[in-house]
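Inspection log for the structure reproduced underneath, given as structure tokens.
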Amino acid sequence: MFYYVLKYVLLGPLLRVLFRPRIEGLEHVPAEGAAIVAGNHLSFSDHFLMPAILPRRITFLAKAEYFTGPGIKGRLTAAFFRSAGQIPVDRSGRNAAQAAITEGLGVLSKGELLGIYPEGTRSHDGRLYKGRVGVAAMALRAGVPVVPCAMVGTFELQPPGRALPRLGRVTIRFGEPIDFSRYEGLADERAALRAVTDEIMYEILRLSGQEYVDRYAPEVKAEMEEAARTAKAAGRKR
């Protein structure tokens, strides 16, 4: 119940005023039945903008840190995400990927929409990074279509580190559902999972117009942070 109060009474109308979203290709999202909506991830606002404009309810796999923060702020954040129907996923440890897949398959088994960001994290610089194969594993095991989605403009309005978004207009663009039935029976084949994931990422790239980086985002971010620390240390020695 609280999900629909957020969507239609509290949060949804506010987001439409703040971001004035331009929606393209909404007819590509199935009106019923299980499907995955796979999108780029540029801003904290992405978690709320897509659910606000979709006619159907969508459940996202959200990082566990949103549910375990300390203090009053942490408890409020956790309560908000749970009320919005989001599922916490622990991204640490050897079994983290399998846990996420299991949770996602549970949503799809009920004939619902599952939202996922194949990059696994927000882009730190606005570019599109290599996708994780979990999205492919869920699509092939559940036998469901994948709808690519591109958020355009949210990085400029609320990049990582900015608490409150700027006012502006964003575009949410959906592509045609991708049918991966030709890969039936190959859900455990690494090459097939990589091929499916790359096809999904290409469609997101085509919709978003971002620059693509064929590496995982956390690796690039870690290298940039290490380079910044090295440069800072070198500057102190001069």
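The values are calculated or read from the model by the stated rules, or taken from the named source; none is laboratory data. All of these numbers come straight from a predicted model, not from anything done at the bench. Here Cβ is always computed from backbone atoms with ideal geometry, including for glycine, and neighbour counts include all displayed protein chains. The accessibility values were calculated without ligands, DNA or RNA, using every heavy atom of the protein model including side chains. Shrake-Rupley method; radii C 1.70, N 1.55, O 1.52, S 1.80 Å.
Details
- The stretch 159-193, subset of a type in the set (Phe, Trp, Tyr) and outside any loop (DSSP other than H, G, I, E, B), residue farthest from Leu14 (Cα to Cα): Tyr183
- Filtering the stretch 131-157 to residues that are open to solvent by 10 Å² or more (accessible area, probe 1.4 Å) and in contact with a Pro (Cβ under 7 Å, 6 or more places away or on another chain) leaves Arg132, Pro145, Leu157.
- Inclusion of Arg75 among residues that are open to solvent by 20 Å² or more (accessible area, probe 1.4 Å) and either touching an Asp or Glu at 6+ places or on another chain (Cβ under 9 Å) or modelled with pLDDT under 75 (or both) is not warranted.
- Breaking point among (1) in a helix (DSSP H, G or I); (2) charged (D, E, K, R); (3) touching a helix residue (DSSP H, G or I) at 6+ places or on another chain (Cβ under 9 Å), for Glu156: (3)
- Residue in the stretch 48-62 that is at pLDDT below 80, outside any helix (DSSP H, G or I) and within 20 Å of the chain's Cα centre (by Cα) present: yes
- Looking only at the stretch 40-70, residues that are more than 21 Å from Pro165 (Cα to Cα), open to solvent by 40 Å² or more (accessible area, probe 1.4 Å) and not charged (D, E, K, R) come to 3 in all.
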